[in-house]
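*Asks:* Submitted below is the structure of interest, expressed as structure tokens.
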Protein chains: 2
Amino acid sequence: MNLLEKFSLRIAEEIRRLDIKGSPAELYEPVEYVLSIGGKRIRPALVLLGCDLFNGETERALPPALGIEVFHNFTLLHDDIMDNAPIRRSKPTVHEKWSINTAILSGDAMFVKAYQLVSQVEDSVLRPVLDLFSRTALDMNFEGRENVSIAEYERMIELKTAVLLGTSLKIGALVAKASGKEAGLLYDFGRNLGIAFQLQDDLLDVYGDKAFGKQTGGDIIAGKKTYLLLKALELAEGENQRQLNRLLSRTEGISDSEKVTGVTAIFDELDIAGHAREEMRLYFDKAMDSLERISVSPEKKKGLGDFAEQLMERKI
Amino acid sequence: MNLLEKFSLRIAEEIRRLDIKGSPAELYEPVEYVLSIGGKRIRPALVLLGCDLFNGETERALPPALGIEVFHNFTLLHDDIMDNAPIRRSKPTVHEKWSINTAILSGDAMFVKAYQLVSQVEDSVLRPVLDLFSRTALDMNFEGRENVSIAEYERMIELKTAVLLGTSLKIGALVAKASGKEAGLLYDFGRNLGIAFQLQDDLLDVYGDKAFGKQTGGDIIAGKKTYLLLKALELAEGENQRQLNRLLSRTEGISDSEKVTGVTAIFDELDIAGHAREEMRLYFDKAMDSLERISVSPEKKKGLGDFAEQLMERKI
């Protein structure tokens, strides 16, 4: 078992112990439900990895790690209401199982709970941890839901996914009392890795096999403005451009499978996958560069290097 | 101009200056809209009063005071979604003017902003201020939406309204570095005053004149389980009991005005207003007793004593 797996198990154990009682059952049950469904607990494990990297006591990083996990699940809960999503991790979402009002209130309660947990750090690091957490929460919240340019798309996924990976690692580093510079490098590692990961997620949605549990082409059917689609819109000319616009228009009664096949064919012709892989590699290399510049021994960094590799190989 | 008025003006000025930009217009506009609509800014003014009571520098209490106001408006925003309320303070609510999704997201952003502002206090008081704020937010959030007994009703209004008044004052006291005991007494003053105020609000809904801008009998029409109604249900017997149950049942096609007239007649017969005034007086006296026990000069306490009197006379 590597360090990440060890930490993930430790987190799962603590989540089960988490006391969110003292609240009426109507709010307590949905919160427990959401937290029990699981997921890979990557973000809280990163808090512990960040702390361990600088030889901090990882047990001290547990409360903020749990806070990050509660916060992450809060964002999913409110996102699911807004996206009108019926299912999350193969289970009915809270607003489906209970009601929208229960989902709003439970989410708000989780948000406060997240702050309470994240604040359970030593006095000397309370303010930087808190400031970082609030800024991240605000950034993620303010992520634009509409986006046009590739730059905007990358900014969006940076805000939505990548900043929380960076923040998780940096909170761990702060708990371990790493210097601002070192903690900042670790943040950059997490953020750039997160962007690379998200680009790969877009790729897998079109080219991935079904082992990842996602419907192939789901993003195309949903008309989601991914990196792939935005790049295709940028590069397509002539007949490809006309065909792409026709497939993307919602009025013409094109079947989902026709849409997926047609758009994928244009992606192939324009080598969109190649472009995406190049972009992904760019961010991955940036991440690894930041990690290298951190002044701890290579052995100590191995856990995070392995994590990065595994994440990109979809082994976690 | 008394101290409360002075502080309220100061708050209004700071709210106008509050920088919530840096976010996309779709979220920034609703937040600015909500904050600009106004209200009496009582809660943030209480933060300043609490600070002033212990000779603290009130300018230092301004950021947490603004945080309390932003938080209060966040709760109204999410409550309005859940209550499906079209109007707040004579203006369309955010979910009406924009959308439910915008209202959820703007609310979440305000919540983070509130934490950021509340955290802008000296390091030595950061943790107690933060702990108090989180506990209050959780208490208010977990307020049960259904209630049956009078004790439960009073607990509910305590959680919903009164704890935030107590918290506002106590945060001011903490900023001024008052002792835990003194800050606790000030919290009790605010909490009990808040309960008395809410009971009076229930009374005015039935017996108040229209100068307060509320429709008379609105709570009766809505079937809201106020102190008055719960007390009437407790005391009514025989014909009164049958008549009350008939008026409260939703199926019989009773007009709103018939309902208000009928329920009010029963209230009168059972002297429900007398009972409510007695209860109100009890909480008011508790509040004043706590205020008296605070070890500062009577002159210094005058502002809060006046505030309490004015609040109960509905002059503010």
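*Asks:* Mind checking which of A:G56, A:G39, A:G67 has the largest fluctuation in a GNM of chain A, springs on alpha carbons under 10 Å?
*Replies:* A:G39
*Asks:* Output the Kirkwood hydrodynamic radius of segment A:8-58, Cα pairs only, in Å rounded to one decimal.
*Replies:* The answer is 12.3 Å.
*Asks:* Placing unit charges on C-beta atoms (Lys and Arg positive, Asp and Glu negative, everything else neutral), compute the dipole magnitude of the protein assembly as shown about its Cα centre in debye, rounded to 20.
*Replies:* 760 debye
*Asks:* Continuing with the same structure: At R0 = 41 Å, how high is the FRET efficiency between A:E237 and A:R127 if r is their beta carbon distance? Nearest 0.05 is fine. If you can, show how the numbers build up before the last one.
*Replies:* Numbers: r = 53 Å, r/R0 = 1.30.
E between A:E237 and A:R127, to the nearest 0.05, is 0.15.
*Asks:* Across segment B:11-144, how large is the tail of the calculated P(r) beyond 24 Å, expressed as a percent of all Cα pairs?
*Replies:* For segment B:11-144, the fraction of Cα-Cα distances above 24 Å is 29 percent.
*Asks:* Do you know which residues of segment B:100-119 lose at least 30 square angstrom of accessible area in the protein assembly compared with their chain on its own, with a 1.4 angstrom probe?
*Replies:* Residues passing the criterion (a loss of at least 30 Å², heavy atoms only) are B:N101, B:I104, B:L105, B:D108, B:A109, B:F111, B:V112, B:Y115, B:Q116, B:S119.
*Asks:* Something else: With a 1.4 Å probe and every protein chain left in place, tell me how much accessible area A:S257 has, in Å² to the nearest 10.
*Replies:* The value for A:S257 is about 80 Å².
*Asks:* How much accessible area per residue does segment A:51-173 have, counting only protein heavy atoms and a probe of 1.4 Å, in square angstrom?
*Replies:* Per residue, segment A:51-173 has 34 Å² of solvent-accessible surface.
*Asks:* At each listed q (0.12, 0.20, 0.23 Å⁻¹), what is the log10 of I(q)/I(0) that the Debye formula gives for segment A:1-88 modelled as equal alpha-carbon point scatterers?
*Replies:* -0.40, -0.94, -1.13
*Asks:* Return the subset of A:K40/A:K113; B:K160/B:K286; B:K113/B:K300; A:K170/B:K170; B:K259/B:K286 for which the Cα-Cα distance in this structure is over 30 Å, preserving the input order.
*Replies:* Long pairs (Cα-Cα over 30 Å): B:K113/B:K300; A:K170/B:K170; B:K259/B:K286.
*Asks:* Turning to a different aspect of this structure: Tell me whether chain B comes out rounded, prolate or oblate; compute the Cα gyration tensor, take square roots of the eigenvalues as a ≥ b ≥ c, and use a/c under 1.5 as the rounded threshold. Show your work: numbers first, answer last.
*Replies:* Details: a/c = 2.17, a/b = 1.36, b/c = 1.60.
Taking the square roots of the gyration eigenvalues as a ≥ b ≥ c, chain B is oblate.
*Asks:* Name the longest site-free stretch of chain A, where the excluded sites are GluC sites (Glu not before Pro) in a DSSP loop with no more than 15 other beta-carbon atoms within 10 Å.
*Replies:* It runs A:147-236.
*Asks:* Can I ask one more? Would you pull out the residues with amide H under 5 Å of B:R88's amide H, same chain only if 5 or more places away, H placed 1.01 Å from N?
*Replies:* Residues meeting the criterion, in which the H sits 1.01 Å from N, are B:T93.
*Asks:* Could you state how much accessible area B:Y207 has, in square angstrom rounded to the nearest 10, with a 1.4 Å probe and all protein chains kept in place?
*Replies:* Rounded to the nearest 10, the figure is 80 Å².
*Asks:* Can you give the Kirkwood hydrodynamic radius of segment A:79-197 from its Cα pairs, in Å with one decimal? Don't skip to the end; give the middle numbers.
*Replies:* Numbers: mean 1/r = 0.0626 Å⁻¹.
Averaging 1/r across every pair of different Cα atoms and inverting gives 16.0 Å.
*Asks:* Shifting gears a bit: With solvent modelled as a 1.4 Å probe, how much accessible area in total do chains B and A shield from it at their shared surface, in Å² to the nearest 100?
*Replies:* Counting both chains, the buried surface is close to 3100 Å².
*Asks:* List the equivalent ellipsoid semi-axes of segment A:56-107 in whole Å, largest first, each obtained as the square root of 5λ for an eigenvalue λ of the Cα gyration tensor.
*Replies:* Semi-axes (√(5λ), whole Å): 27, 11, 8.
*Asks:* Then there is this: Given H placed on each backbone N at 1.01 Å, which residues far from B:G217 in sequence or on other chains put an amide H within less than 5 Å of it?
*Replies:* Amide H neighbours of B:G217: B:V206.
*Asks:* When a/c is below 1.5 the answer is rounded, else prolate if a/b is larger than b/c, else oblate, so apply that to the protein assembly as shown with a ≥ b ≥ c taken from the square roots of the Cα gyration tensor eigenvalues. Could you put the intermediate results ahead of the total?
*Replies:* On the way: a/c = 2.28, a/b = 1.57, b/c = 1.45.
Judged from the Cα gyration tensor, the protein assembly as shown comes out prolate (a/c at least 1.5, a/b above b/c).
*Asks:* Divide by every residue of chain A the summed helix terms, -39500 (n - 2.57) for each DSSP H run of at least 4, and state the resulting mean residue ellipticity at 222 nm, rounded to the nearest 500 deg cm²/dmol.
*Replies:* -23500 deg cm²/dmol
*Asks:* Okay, next question. Against the empirical 2.2 N^0.38 Å scaling, what ratio does the C-alpha Rg of segment A:196-316 come to? Let's see the in-between values first.
*Replies:* Details: Rg = 17.5 Å, N = 121, 2.2 N^0.38 = 13.6 Å.
Rg over 2.2 N^0.38 Å, computed on Cα atoms: 1.29.
*Asks:* May I pose another question? Please report the carbon-and-sulfur percent of the accessible area for chain B; probe 1.4 Å, protein heavy atoms only, DNA, RNA and ligands left out.
*Replies:* 49 percent
*Asks:* Relative to the isolated chain, which residues of segment B:62-87 have their accessible area cut by 40 Å² or more in the presence of all protein chains (1.4 Å probe, heavy atoms, no ligands or nucleic acids)?
*Replies:* Residues of segment B:62-87 that lose at least 40 Å² of accessible area once the other chains are added: B:M82.
*Asks:* Next question. Can you give the local net charge around B:D131? Use residues other than it whose beta-carbon is closer than 14 angstrom to its beta-carbon, Lys and Arg +1, Asp and Glu -1.
*Replies:* In short, +2.
*Asks:* Further question on the same structure: Subtract the Cα-Cα distance of A:Q120 and A:K91 from 0.36 nm times their separation in residues, and report this length gain in nm to one decimal.
*Replies:* 7.3 nm
*Asks:* How big, in percent, is the set of alpha carbon pairs in segment A:159-241 lying more than 20 Å apart?
*Replies:* Value for segment A:159-241 (Cα pairs over 20 Å): 51 percent.
*Asks:* Among B:I37, A:I11, what's the order by accessible area (1.4 angstrom probe), most exposed first?
*Replies:* Details: B:I37 50, A:I11 0 Å².
These residues rank, largest area first, as B:I37, A:I11.
*Asks:* Taking the Cβ-Cβ separation of A:V296 and A:L9 as r and a Förster radius of 22 Å, what is the calculated FRET efficiency to the nearest 0.05?
*Replies:* Efficiency, from the Cβ-Cβ distance: 0.40.
*Asks:* Enumerate the aspartates and glutamates that B:K302 could reach by cross-link, defined here as Cα to Cα under 19 Å, with residues fewer than 8 away along the same chain left out.
*Replies:* In chain and number order, the partners are B:E5, B:D52, B:E57, B:E182, B:D188, B:D285, B:D289, B:E292, B:E313.
*Asks:* Determine the dipole magnitude for segment B:1-52: charges of +1 sit on the beta-carbon of Lys and Arg, -1 on that of Asp and Glu, nothing else is charged, the reference point is the Cα centre, and the result goes in debye to the nearest 20.
*Replies:* On the way: 8 positive and 8 negative charges, 42 e Å.
In total the dipole reaches around 200 debye.
*Asks:* Let me ask something else. About its Cα centre, how strong a charge dipole does chain A have in debye, to the nearest 20, once Lys and Arg get +1 and Asp and Glu get -1 at the Cβ?
*Replies:* Computed charge dipole of chain A: roughly 680 debye.
*Asks:* In percent, what relative contact order does segment A:106-194 have, based on Cα pairs under 8 Å that are 6 or more apart in sequence?
*Replies:* Working: 70 pairs, mean separation 24.5, N = 89.
Computed over segment A:106-194, the figure is 28 percent.
The values are calculated or read from the model by the stated rules, or taken from the named source; none is laboratory data. Computed from a predicted model, the values in this text were never measured in an experiment. FYI the Cβ positions are ideal-geometry reconstructions off the backbone, even for glycines, and counts take in every protein chain you see. The accessibility values were calculated without ligands, DNA or RNA, using every heavy atom of the protein model including side chains. Shrake-Rupley method; radii C 1.70, N 1.55, O 1.52, S 1.80 Å.
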